[in-house]
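Asks: The structure follows.
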């Protein structure tokens, strides 16, 4: 877009200079200098604006390390029927929670 705008402005300036130019005189040479300066300026602008643009720097972000706590030992518990002695000769069964 900038390149096209610059070329359009340079062309308009050159056309305006040519439209207002009087016949060249050897003693003054201003018109030739003006036209030559405009042409060289337009060519220089075209060369400068036609260069390839630089690529933007690439930023690489490191991944965040999430520290997870070590798994804790959780005892597993279950209910069992166990024999419980009432006296030296008799017993009964009771439900008892056993955790490992």
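Read-outs throughout are calculated quantities, based only on the coordinates presented, and are distinct from any laboratory measurement. Source: prediction; values computed, not measured. Glycine also receives a Cβ, built like all others from the backbone with ideal geometry; neighbour counts cover every protein chain displayed.
Asks: Under a plain spin-label model, where a point goes 7 Å from the Cα along Cα-to-Cβ, how far apart in nm are residue 79 and residue 50?
Replies: Computed distance between label sites residue 79 and residue 50 equals 9.1 nm.
Asks: Right, next: Please arrange 66, 40 by how many other C-beta atoms lie within 10 Å of their C-beta, fewest to most.
Replies: Working: 66 5, 40 10.
Fewest to most other Cβ atoms nearby, the residues stand as 66, 40.
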